[in-house]
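The structure follows.
The values are calculated or read from the model by the stated rules, or taken from the named source; none is laboratory data. In this text the structure is predicted, and so the values were computed from the model without any measurement. Positions of Cβ are backbone-derived with ideal geometry, glycine not excepted, and every protein chain shown enters the neighbour counts.
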Amino acid sequence: MRIRSRVVTGVVALVVTATGLTACGQGGASSSGRADNTFTYALDEEPITLNPVNQDEHTDPVTEMVFRGLVAHDGENDVVAALAESWEVSSDDLTYTFALRDGVTWHDGAPFSSADVKFTLDAVRAPDSPASTRQNFEAITAVETPDANTVVVQLAEPDAPLLDALTMGILPRHLLAGKDITDPEFSQAPVGTGPFRLVDFQPAQYAELTAFDEYYGGRPKLDKVIITYVPDATARLVQLTNGEVDGSFLEPQQAARVEQEDRLRVRVSPTADYRAVMFNMTKPLFADSRVRQAMNYAVDRDALVEAVLLGYGRPATGPLDLSPVGDPDIASYRFDPATTAELMRQAGYTRTDGGPWSRDGQPMQFSISTFAEDPLRVALLNIVATQLTEAGFDVTAAPKPRDYVVDNWGALDAFVIGWGTPYHPDTSLYGPFHSSQVLAKDGSNFGSYANSAVDAALDAGRTATEEARTAAAYQRFQEAIAADPPYLWLVYLQAINAFPADFEGPTDRTLEHHGYGLFYNAETWHWA
Amino acid sequence: MTTAQFVARRAVTAALVLLAISVLCFTLLDLAPGDPARAVLEARSGGLPASVAEVADQRALMGLDDPLAQRYLRWAGGAATGDLGASSITGRPVTAELADTVPWTVLLTVVATVFSVLGAVAVGLVAGLTKRRWLRRGIELAMFVLGGMPGFVTALLLLYLGAARWQLLPSGGVGRPGEDVTVAVVAAHLVLPAAALAFGHHFGSYVRLIQTGITGVRAAPHVDNARARGLGAWTILRRHVLGPALVPFATRLGVGTGALLAGAYAIEVIFSWPGMGRLAIAAAKAQDYPVLTAVVLVTAAFVIAANLLGELAVSRLDPRVRLPGDTRRGPVVVGDH
C-alpha cells in the first residue's frame, strides 16, 4: 500500500511539474510584427540556393529582396530601370548600352560598378558555366565597360528576351572573383545591391533580412523581413492564426478559414502558370486540327476551376492569356458541345448514341497521362478524361511516375503539362512549340508539334525589339495556334497568400508559377 | 576481455557494417529510377521538365557518366578522409549539411527517449502495482488507443491542442527568428515535437512491457524470498523488482531506435524542426544522392550505437546477463541490504 501510494504520488508530482514547466515556456501567441516594424512570412519551400544565377524564372523571396539586376519588372511585368538608369539599343538591335546609376553600393559597403556587371555576365555565359541561367545569355558575344558607369553588351543576333533575362541579379566581383559563380558559401550568405540585406540564414528554419540604408531607391519602409520555412500546411495555418507569423502562403482549402479572421486578409494573385493537355503529334489520331479544336470545345473549364482549384484559378484559352502581349479575343475556346460535334463531323467522324466518335471504323480512343506525384494534375486529368468521354472521346486517365514520363515522352498519347511566364513570352513558348525544339532533337517540345506559321511568328517574336513588332509577332502566333491547337487548354492557377489586414504594399501583379515574384516591391511594404 | 575491449570489438564490426551499407546504398540509388542531373535542373527551374540535351550537359558536369564502381571508389576515397562530397542540389559540403541538422535530430530523439522512458516507467509502475482494477483497465485502454494512433496523428493533435487551441507553446522551429537561441527558448520549442515523438504509437507497447515485467517479476521466487526475509515493500521494488522488470523494455528500446528515427522524420516536418529528417526527405525528393547516402549512414550508425547501448543496459539490469569485463558478484546473498 505504501509503495502504491508513493508511486502514484510521484507520478502526480511529475505530471504537475511537467505542466508547470510547460506553462512557464513561452507560449505560441505573439504580438504582430507591427510593434517592431517587422514582417514575418511563412513559406512552404526552402530555396535550394539564394544565388540568382541558379534561379531561372523562379526567384525566391530572399533572392528577390537581396539582389537587383540591370533592369527589373514592374507591377505590369514591363521592364523598367534598376541598376541601369537608362539604356539604348542600336538600330541593328545588336548593341545595348546601359548607363548605370551613380552611387550604388553593395551590402558590405563596396561600390558597385560596371566591372561587376561584366564579371557576372561573363561568368554566367561562359561555356562551362554551371549557372542554370546560362542559356538566357547565349546571344551575347561581348560585354564591354568603357567606364565605371557604362556597360555595352554586344550580340551575335537580335535577342528580344535579353532585357527580361537581365532582370537577373548582378553578383559582386570583389567577393566572387576567382571563385565559382555558383559558390555554395556565397549562395547561402549572398551580398547584393537590393533593398534588404540578409543578416542571418538558418537552413530549414528562416532567413532574416534588414533594411539596407544605402539602397539606391531609398531606405525600405520595413525595418526587417523574416521568411520562415514551414513545410507542413497545417503548421503554417496554425502559425498564421496564432500570430507567430504575419503572412503566409496558403493552400486553396485554407483560404476560407483565414477569411474568418478579422485581422487577416486573403490576397489572390493571378499567375501565368497554366495547365493543358499536350497532344503527341506523332500519333495519327491527332493529325487533324479540327479534332484538337473539337476537344478544346468539349471541356467545361469553369467546372475544373471550381472542383479542382476550389475557385482559385481561371479558364485557359491559350498560353498567353495573362501575358502583356496576349490578346484574349483570338482563341475563344469555351465549353460548347454543339461546336465539338460539328467539328468532329466536319473531320469525318460519326457517333452512334453514347458511343465514341469513329472514322473508318477507328474509334477516337486514347489515354492521357501526367505526373502521378502531382495531385493537382491528377485531379485535373480525371475530370478532363470524364468530360472528354462524355463528349465522345474514349479517353483513359493514366497517370505515370515522373521517372517513367521523362524517359518515355514519345510513347504517351497525351499529357497534362504546365508552362507559362508573365514576362517576355519567348522563354515559355519557343521551347514547347517551335519545331526546332521537338523531342527528336532533344528539345522540350515534347509533343513534337510543328507548324510553320508558329515557327515564323516565334522567330519574329524572338528578334522583335519594338513593342509594335513584338505584339504583331505574338498576335500571329496566337492566331496560328488557335487554328492548329497544340494543346487542349485547361486552367491558369492562382497563388493565395494571407496578409495582415493592416498591412499595405503587395500588389495584384501576375506572378510566376507557385506565386514567385510576390516580393518584387517589398521595399514599399509597410504596416498601415 | 574488459568492457572497453568488448566495445572496441563492436566498433570494428560496426565499421564493417557501415561499409557494407554504403556499398548497398550506392548500388540501390544507382538502380533506382530517376536521374539526379535532371532533378538538379528541375529544382532550379521550379519543376519545369528539362530537355534531353540539358540533362546530358548536367550529367557530364556532375560526373554521373562514370561507371558505378569508379564513382563509389571516388566517394569512398573522400569518405575515408572525412569528405562526404557536396550536395548536388545546394553545392554545400555534405559534412556541413550534417553538422547543421544532426545535432537537432539527436537532441529531439534523446529528449523524446527520456520523456518516453520516464513516462513509460511511471505509467507502467502504476499499472503494474495498482490494485484498483479500473485504473489498470483505464491505462490499458488508453495505451491501446495510443498504440493504434499513427505518429503524425499524435503530432497534429498536439499541434492543435498545444499551439493552436491553448496557445501554450510555439508550433514549430527551434527558436524565434531573429532572436537568440537560448536554452529556455529551445526547451519551449522542444516540448511539442519531443512529446509527439515520445508518446507516439510505441509508447503503449513500452508501458505494456513494463507492466507485464513488473507483474511477472513480483511473482518470482526471489521476490517471495525477499518478502519472507521481511524486507520493506519499497526496498523490494527498488532492489529486486525494478531491474529485472525493465529488461524486456530496455531490449525493445535499443531495437526500436530505427523506428524512433523514422518517426522523427515525420515529426520534424510537422514541427518545422531543422533536423536530419527534413534534410533526408528533401534529399530523397531531389535525388540528392551524396546527402542521401550520408543520411543513411548516419542513421545506421545511430541504430548500431543504440543497440550496443541497449545491450549494455540489459547486462546491468539483468543479473543473468554478463558481458565480458562485468565484475559484479553473482546472485544476491542473504543479508545484503
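Given the residues A:Ala398, A:Ala316, which is the only one that is crowded, with 16+ Cβ neighbours inside 10 Å and more than 25 Å from the chain's Cα centre (by Cα)? Don't jump to the end; show me each part of the working.
Numbers: A:Ala316 fails: more than 25 Å from the chain's Cα centre (by Cα).
Among A:Ala398, A:Ala316, only A:Ala398 is crowded, with 16+ Cβ neighbours inside 10 Å and more than 25 Å from the chain's Cα centre (by Cα).
May I ask you to verify whether A:Asp180 is part of a loop (DSSP other than H, G, I, E, B) and either hydrophobic (A, V, I, L, M, F, W, C) or under 16 Å from A:Glu88 (Cα atoms) (or both)? Give the steps one after another, and end with the answer.
On the way: part of a loop (DSSP other than H, G, I, E, B): yes; either hydrophobic (A, V, I, L, M, F, W, C) or under 16 Å from A:Glu88 (Cα atoms) (or both): no.
No, not satisfied.
Scan region B:53-63 and tell me whether some residue there is within 14 Å of another protein chain (Cβ to nearest Cβ), over 25 Å from the mean Cα position of the chain (by Cα) and touching a residue at least 60 places away in the same chain (Cβ under 8 Å).
At the first step, the residues of region B:53-63 found to be within 14 Å of another protein chain (Cβ to nearest Cβ) are B:53-63.
After this cut, where a residue has to be over 25 Å from the mean Cα position of the chain (by Cα) as well, the list is B:53-63.
Checking which are touching a residue at least 60 places away in the same chain (Cβ under 8 Å) leaves us with none.
So far as region B:53-63 goes, no, none of its residues is within 14 Å of another protein chain (Cβ to nearest Cβ), over 25 Å from the mean Cα position of the chain (by Cα) and touching a residue at least 60 places away in the same chain (Cβ under 8 Å).
Can you tell me how many residues within region A:175-187 are more than 14 Å from chain B (Cβ to nearest Cβ) and either under 18 Å from A:Val143 (Cα atoms) or free of Cβ contacts under 8 Å to residues at least 60 places away in the same chain (or both)? Break it down stepwise before answering.
Let us first name the residues in region A:175-187 that are more than 14 Å from chain B (Cβ to nearest Cβ), namely A:175, A:177-178.
Now narrow it down to the ones that are either under 18 Å from A:Val143 (Cα atoms) or free of Cβ contacts under 8 Å to residues at least 60 places away in the same chain (or both): A:177-178.
Count: 2.
How about region A:407-427: which of its residues are surrounded by 20 or more Cβ atoms within 10 Å (Cβ to Cβ) and touching a Pro at 6+ places or on another chain (Cβ under 7 Å)?
A:Trp419, A:Gly420, A:His424, A:Asp426 - these are the residues of region A:407-427 that are surrounded by 20 or more Cβ atoms within 10 Å (Cβ to Cβ) and touching a Pro at 6+ places or on another chain (Cβ under 7 Å).
Can we say B:Gly147 is surrounded by 22 or more Cβ atoms within 10 Å (Cβ to Cβ), over 25 Å from A:Gln202 (Cα atoms) and in contact with a Gly (Cβ under 6 Å, 6 or more places away or on another chain)? Break it down into steps so the answer makes sense when it comes.
Values: surrounded by 22 or more Cβ atoms within 10 Å (Cβ to Cβ): no; over 25 Å from A:Gln202 (Cα atoms): yes; in contact with a Gly (Cβ under 6 Å, 6 or more places away or on another chain): yes.
No.
What strands (runs of 3 or more DSSP E) lie completely within region A:50-142 and have 1 or more residues being within 21 Å of the chain's Cα centre (by Cα)? Full working, then the answer.
Details: elements: A:71-73, A:79-81, A:84-89, A:95-100.
Filter on region A:50-142 gives A:71-73, A:79-81.
Further, regarding this structure: Of the residues A:Thr386, A:Thr350, A:Thr370, which single one is without any contact (Cβ under 8 Å) to a residue 12 or more places away in the chain, assigned by TED's automatic domain parsing to the domain that holds A:Asp413 and under 26 Å from A:Leu493 (Cβ atoms)?
On the way: A:Thr350 fails: under 26 Å from A:Leu493 (Cβ atoms); A:Thr370 fails: without any contact (Cβ under 8 Å) to a residue 12 or more places away in the chain.
Among A:Thr386, A:Thr350, A:Thr370, only A:Thr386 is without any contact (Cβ under 8 Å) to a residue 12 or more places away in the chain, assigned by TED's automatic domain parsing to the domain that holds A:Asp413 and under 26 Å from A:Leu493 (Cβ atoms).
Can I ask one more? Taking B:Ala8, is it more than 14 Å from chain A (Cβ to nearest Cβ) and either of a type in the set (Gly, Ala, Ser) or under 23 Å from the mean Cα position of the chain (by Cα) (or both)? Lay out the reasoning, then the answer.
Numbers: more than 14 Å from chain A (Cβ to nearest Cβ): yes; either of a type in the set (Gly, Ala, Ser) or under 23 Å from the mean Cα position of the chain (by Cα) (or both): yes.
The answer is yes for B:Ala8.
Same structure again: Taking the criterion of being small (Gly, Ala, Ser), closer than 24 Å to B:Glu54 by Cβ and touching a residue at least 60 places away in the same chain (Cβ under 8 Å), would at least one residue in region A:450-457 satisfy it?
Yes: region A:450-457 contains one or more residues that are small (Gly, Ala, Ser), closer than 24 Å to B:Glu54 by Cβ and touching a residue at least 60 places away in the same chain (Cβ under 8 Å).
Of (1) of a type in the set (S, T, N, Q); (2) in contact with an Asp or Glu (Cβ under 7 Å, 6 or more places away or on another chain); (3) part of a helix (DSSP H, G or I), B:Ser88 satisfies all except one. Which?
(3)
Quick check on region A:124-151: of everything there that is touching a residue at least 60 places away in the same chain (Cβ under 8 Å) and more than 12 Å from chain B (Cβ to nearest Cβ), which residue is surrounded by the most Cβ atoms within 10 Å (Cβ to Cβ)?
If we take residues in region A:124-151 being touching a residue at least 60 places away in the same chain (Cβ under 8 Å) and more than 12 Å from chain B (Cβ to nearest Cβ), then A:Val151 is surrounded by the most Cβ atoms within 10 Å (Cβ to Cβ).
Continuing with the same structure: crowded, with 17+ Cβ neighbours inside 10 Å and under 30 Å from A:Gly517 (Cα atoms): is that true of A:Ile368 in this structure? Steps first, please.
Details: crowded, with 17+ Cβ neighbours inside 10 Å: yes; under 30 Å from A:Gly517 (Cα atoms): no.
No: the conditions fail for A:Ile368.
Please state which of the following conditions B:Ala120 fails to meet, knowing it meets all the rest: (1) within 14 Å of chain A (Cβ to nearest Cβ); (2) under 30 Å from A:Gln135 (Cα atoms).
With respect to (1) within 14 Å of chain A (Cβ to nearest Cβ); (2) under 30 Å from A:Gln135 (Cα atoms), B:Ala120 is out only on (2).
Let me ask something else about it. Which one of the conditions (1) at pLDDT 95 or above; (2) within 21 Å of A:Asp44 (Cβ to Cβ); (3) surrounded by fewer than 18 Cβ atoms within 10 Å (Cβ to Cβ) does A:Leu198 fail to meet, given that it meets all the rest?
So A:Leu198 meets the others, but not (3).
Also, quick follow-up: Checking B:Ala233 against (1) away from chain A (no Cβ under 13 Å); (2) more than 30 Å from B:Ser88 (Cβ to Cβ), which test does it fail?
All conditions are met except number (1).
Could you check A:Glu244 against (1) surrounded by 23 or more Cβ atoms within 10 Å (Cβ to Cβ); (2) within 26 Å of the chain's Cα centre (by Cα); (3) part of a loop (DSSP other than H, G, I, E, B) and say which number it fails?
Among (1) surrounded by 23 or more Cβ atoms within 10 Å (Cβ to Cβ); (2) within 26 Å of the chain's Cα centre (by Cα); (3) part of a loop (DSSP other than H, G, I, E, B), the lone unmet condition for A:Glu244 is (2).
Yes/no per residue for (1) buried (at least 22 other Cβ atoms within 10 Å of the Cβ); (2) among the polar types (S, T, N, Q); (3) within 19 Å of A:Val117 (Cβ to Cβ):
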| position | (1), (2), (3) |
| --- | --- |
| A:Ala42 | yes, no, no |
| A:Pro47 | yes, no, no |
| A:Gln55 | yes, yes, yes |
| A:Gly75 | no, no, no |
| A:Ala82 | yes, no, yes |
| A:Glu85 | no, no, yes |
| A:Tyr96 | yes, no, yes |
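Based on this model, can you work out whether A:Gln205 counts as within 14 Å of another protein chain (Cβ to nearest Cβ), within 19 Å of A:Val66 (Cα to Cα) and without any contact (Cβ under 8 Å) to a residue 60 or more places away in the chain?
Working: within 14 Å of another protein chain (Cβ to nearest Cβ): yes; within 19 Å of A:Val66 (Cα to Cα): yes; without any contact (Cβ under 8 Å) to a residue 60 or more places away in the chain: yes.
The answer is yes for A:Gln205.
So which of A:Asp484, A:Asp508 ends up being surrounded by fewer than 21 Cβ atoms within 10 Å (Cβ to Cβ), among the charged types (D, E, K, R) and not assigned by TED's automatic domain parsing to the domain that holds A:Asp300? Explain how you work it out, then say what you get.
Working: A:Asp484 fails: not assigned by TED's automatic domain parsing to the domain that holds A:Asp300.
Residue meeting the stated conditions: A:Asp508.
Being in a helix (DSSP H, G or I), surrounded by fewer than 22 Cβ atoms within 10 Å (Cβ to Cβ) and either touching a residue at least 24 places away in the same chain (Cβ under 8 Å) or among the hydroxyl-bearing types (Ser, Thr, Tyr) (or both) narrows it down to one of B:Arg252, B:Arg238, B:Arg227, so name that one.
Answer to the selection: B:Arg252.
To continue, here is another question. Which members of region B:89-109 meet the condition of being among the hydroxyl-bearing types (Ser, Thr, Tyr), more than 10 Å from chain A (Cβ to nearest Cβ) and surrounded by 17 or more Cβ atoms within 10 Å (Cβ to Cβ)?
Here is the first cut: in region B:89-109, the ones among the hydroxyl-bearing types (Ser, Thr, Tyr) are B:90, B:95, B:101, B:105, B:109.
Subset that is more than 10 Å from chain A (Cβ to nearest Cβ): B:95, B:105, B:109.
Scanning region B:89-109 gives B:Thr105, B:Thr109.
Could you say which residue among A:Tyr474, A:Tyr423 is more than 13 Å from every other protein chain (Cβ to nearest Cβ) and part of a loop (DSSP other than H, G, I, E, B)? Write out each step before concluding.
Numbers: A:Tyr474 fails: part of a loop (DSSP other than H, G, I, E, B).
Result of the check over A:Tyr474, A:Tyr423: A:Tyr423.
Now, a different point. Counting just the residues of region B:155-173 that are more than 7 Å from chain A (Cβ to nearest Cβ) and either under 10 Å from B:Pro193 (Cα atoms) or within 21 Å of the chain's Cα centre (by Cα) (or both), which one comes out surrounded by the fewest Cβ atoms within 10 Å (Cβ to Cβ)?
Pass one, region B:155-173, residues more than 7 Å from chain A (Cβ to nearest Cβ): B:155, B:157-158, B:160-162, B:165-166.
Filter once more, keeping what is either under 10 Å from B:Pro193 (Cα atoms) or within 21 Å of the chain's Cα centre (by Cα) (or both): B:155, B:158.
Working: B:Ala155: 28, B:Leu158: 22.
Restricting to residues being more than 7 Å from chain A (Cβ to nearest Cβ) and either under 10 Å from B:Pro193 (Cα atoms) or within 21 Å of the chain's Cα centre (by Cα) (or both), the top hit is B:Leu158.
Another question, then. Filter region B:285-323 for residues that are within 12 Å of chain A (Cβ to nearest Cβ) and surrounded by fewer than 24 Cβ atoms within 10 Å (Cβ to Cβ); which is nearest to the chain's Cα centre (by Cα)? Give the steps one after another, and end with the answer.
Of region B:285-323, the ones within 12 Å of chain A (Cβ to nearest Cβ) are B:285-288, B:291.
From what's left, surrounded by fewer than 24 Cβ atoms within 10 Å (Cβ to Cβ): B:285-287.
Numbers: B:Lys285: 22, B:Ala286: 24, B:Gln287: 23 Å.
Here the residue is B:Lys285.
Quickly run through region A:426-449 and pick out the residues that are of a type in the set (A, V, I, L, M, F, W, C), within 12 Å of chain B (Cβ to nearest Cβ) and either closer than 19 Å to A:Tyr516 by Cα or not in a strand (DSSP E or B) (or both). Reasoning before the result, please.
Filtering region A:426-449 for residues of a type in the set (A, V, I, L, M, F, W, C) gives A:429, A:433, A:438-440, A:446.
Checking which are within 12 Å of chain B (Cβ to nearest Cβ) leaves us with A:438-440, A:446.
Hits for region A:426-449 are A:Leu439, A:Ala440, A:Phe446.
Okay, next question. Kindly indicate whether any position in region A:218-230 is touching a residue at least 12 places away in the same chain (Cβ under 8 Å), under 22 Å from the mean Cα position of the chain (by Cα), in a loop (DSSP other than H, G, I, E, B) and not assigned by TED's automatic domain parsing to the domain that holds A:Gly505.
Looking through region A:218-230, none of the residues is touching a residue at least 12 places away in the same chain (Cβ under 8 Å), under 22 Å from the mean Cα position of the chain (by Cα), in a loop (DSSP other than H, G, I, E, B) and not assigned by TED's automatic domain parsing to the domain that holds A:Gly505.
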